[in-house]
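Written out below as structure tokens is the structure these notes cover.
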């Protein structure tokens, strides 16, 4: 259930993958017509769920130990990974919070869109780093429960 020195536990994995899916769905539904029920239920409600999962994920991060850094990485890459994870969680929290403000006040639209773009960029950097490590050094996906590309 809990993290080990080598991998993430079931709770961290569930929170990670559920939140990743929620944030992708929020992004995919961002282009719906704002007056449609699909926008309301697809974007806003899933965004609220993503906000809740982000708060729970951050809380769990402090409640459980973090696995050791990936082996075989230079120190600057370990630092970049750590910062990327924190910035993704911060951006997810800020983009969902600004979405709530936008929903309630019709203000902060530019800020919300800027944060959304930053979130997508951080997500893509995260994916690039995961796959770069996975296919060149070691099996990072296994730490999050995926053995599809097991090395």
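The values are calculated or read from the model by the stated rules, or taken from the named source; none is laboratory data. These numbers come from a predicted model, not from an experiment. Note that each Cβ is placed from the backbone with ideal geometry, even for glycine, and that neighbours are counted across all protein chains shown.
Against the criterion of being in contact (Cβ under 8 Å) with a residue 24 or more places away in the chain and either surrounded by fewer than 15 Cβ atoms within 10 Å (Cβ to Cβ) or in a loop (DSSP other than H, G, I, E, B) (or both), residue 129 does not qualify. In the set (1) closer than 20 Å to residue 116 by Cα; (2) outside any helix (DSSP H, G or I), the condition left unmet by residue 8 is number (1). The condition (being at pLDDT 95 or above and under 30 Å from residue 136 (Cα atoms)) is satisfied by just one residue among 6, 87, 74: 87.
Screening region 97-124 for residues that are under 20 Å from residue 15 (Cα atoms), free of Cβ contacts under 8 Å to residues at least 60 places away in the same chain and under 13 Å from the mean Cα position of the chain (by Cα) and picking the one that is surrounded by the fewest Cβ atoms within 10 Å (Cβ to Cβ) gives 124. Within region 141-150, not a single residue is in contact (Cβ under 8 Å) with a residue 60 or more places away in the chain, in contact with a helix residue (DSSP H, G or I) (Cβ under 8 Å, 6 or more places away or on another chain), farther than 30 Å from residue 41 by Cβ and outside any helix (DSSP H, G or I).
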